[in-house]
Number of protein chains: 2
Amino acid sequence: MRGLLGFLVLFLLSKKPMHGQEIANELAKRRGEKPSPGTIYPALKSLKDLGFLSEDKEGKTITYKLTSKGEKALEIAKKRFTRTFLGVIK
Amino acid sequence: MRGLLGFLVLFLLSKKPMHGQEIANELAKRRGEKPSPGTIYPALKSLKDLGFLSEDKEGKTITYKLTSKGEKALEIAKKRFTRTFLGVIK
DNA sequence: CACATTATATTGGATGTCCGATATATATAA
DNA sequence: TTATATATATCGGACATCCAATATAATGTG
C-alpha cells in the first residue's frame, strides 16, 4: 500500500463510499491542502490494483468503496498505526 | 522536519531525554523494526540542525533532549497530525 | 596491548511519495 | 455545435525517506 495517503483514503472510504473529488476535498480539510489530481488518482489506482477498492462508474464520476480485502487491510494498518503512534494523540 | 520518523523522535524525546540507541530501541517496539544507523543518525542530525534538539555528550554516548524550539515544533506537528488522523485512532 | 563491543556518523543509492502539466471523457449551457 | 465545467487519468520528474555498507571513536575484557 502507498504510505499514509493510501491509509487515509482507505479510512475515509470505510466511513462512506465516495468519488475521487469528494475524497480529495475531505483530504483538503484534514491536511490543509487539496491533493493534486496527480496524487489522488494514482493513489486510488494503486489501491484498486491491490484489490482494496471496487468502482461504481456512473457517467463521469466513479464511486469507490472498500472491498472486504480492503477492510481487512485497513484493520491491519490501523493496528500498526495505533501501536506506532501510541500516546501521541491524547 | 523529516516526516513521521522525525515527528516520532521529537515525541519520544519529549517524554524523556535519550541517546540514539535508546531511541532506536523504542522505535523498534513501536514499528516492529529497528531503524538502521543510516536512518536514525541522519534523522537526529537533521533535527539538531533545525535547532530542535540539544546534545549532551558523555564518553561515546550522546543524550538528546528537546530545545524549547523543538517543543514548539512538536506541538504544532501534533496539532496537524491530530487533525489529519482524526477518528483513525479510537 | 589485542580484541570485541557499543555508539555514533557518513555516503551512495534504491525506493517511495507526490506534484505539475497535460490529456481524455462526460455533462451542461449557450 | 461550440464552449465551458467537472471528473478522471497518465506521465515525467523532483524531492523525501530510508537502508546497507562502511567508517570512526570510545569503552570494556582477556
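The values are calculated or read from the model by the stated rules, or taken from the named source; none is laboratory data. Here the structure is a predicted model, which is why all the values come from computation and not from measurement. As a convention, Cβ positions derive from the backbone with ideal geometry for all residues, glycine included, and neighbour counts pool all protein chains shown. Each accessible area value is taken on the protein alone, full model and side chains, heavy atoms only, with ligands, DNA and RNA left out. Shrake-Rupley method; radii C 1.70, N 1.55, O 1.52, S 1.80 Å.
Shown for chain A: the carbon plus sulfur share of the solvent-accessible area, taken with all protein chains present and a 1.4 angstrom probe, equals 53%. Summarising the amide proton neighbourhood of A:Thr67: residues at separation of 5 or more, or on other chains, whose placed amide H is nearer than 5 Å comprise A:Leu53, A:Ser54. Chain A contacts chain B over a buried accessible area of about 1900 Å², both sides summed; the probe is 1.4 Å and only protein chains count.
Just which residues of the range B:54-90 lose 10 Å² or more accessible area with every protein chain there, against their chain alone, with the probe set to 1.4 Å? Those residues are B:Lys78, B:Phe81, B:Thr82, B:Arg83, B:Thr84, B:Phe85, B:Leu86, B:Gly87, B:Val88, B:Ile89, B:Lys90. Largest GNM mean-square fluctuation across B:Lys34, B:Lys60, B:Lys16, computed for chain B with C-alpha springs under 10 Å, falls on B:Lys60.
Here, the protein assembly as shown is characterised by an Rg to Rh ratio of 1.05, where Rg is the alpha-carbon radius of gyration and Rh the Kirkwood radius. Computed from Cα atoms, the angle from the helix A:68-84 axis to the main principal axis of chain A rounds to 30 degrees.
A Förster distance of 25 Å, applied to the separation of the beta-carbon atoms of B:Ala28 and B:Glu58, puts the FRET efficiency at 0.60.
For the range A:42-50, putting each phi into the Karplus relation 6.51 cos²θ - 1.76 cosθ + 1.60 with θ = phi - 60° gives couplings of x, 5, 5, 4, 4, 5, 5, 4, 7 Hz, in residue order, rounded to whole numbers and with x for Gly and Pro. For the residue pairs A:Lys45/A:Lys90; B:Lys48/B:Lys78; A:Lys29/A:Lys78; A:Lys72/B:Lys45; A:Lys78/B:Lys57, the C-alpha atoms sit more than 27 angstrom apart in A:Lys45/A:Lys90; A:Lys72/B:Lys45; A:Lys78/B:Lys57. For the pair A:Leu50 and A:Thr82, a Förster radius of 25 Å applied to the C-beta separation gives a FRET efficiency near 0.70, rounded to the nearest 0.05.
For chain A, the longest principal axis of the alpha carbon atoms and the long axis of helix A:4-15 meet at an angle near 70°.
Solvent-accessible surface of chain A, taken per residue with a 1.4 Å probe and all protein chains present: 57 Å². Under the convention that each Lys and Arg Cβ holds +1 and each Asp and Glu Cβ holds -1, the size of the dipole of the protein assembly as shown around its Cα centre is about 320 debye. Rounded to the nearest angstrom and listed largest first, the equivalent-ellipsoid semi-axes of chain B from its Cα gyration tensor are 22, 16, 11.
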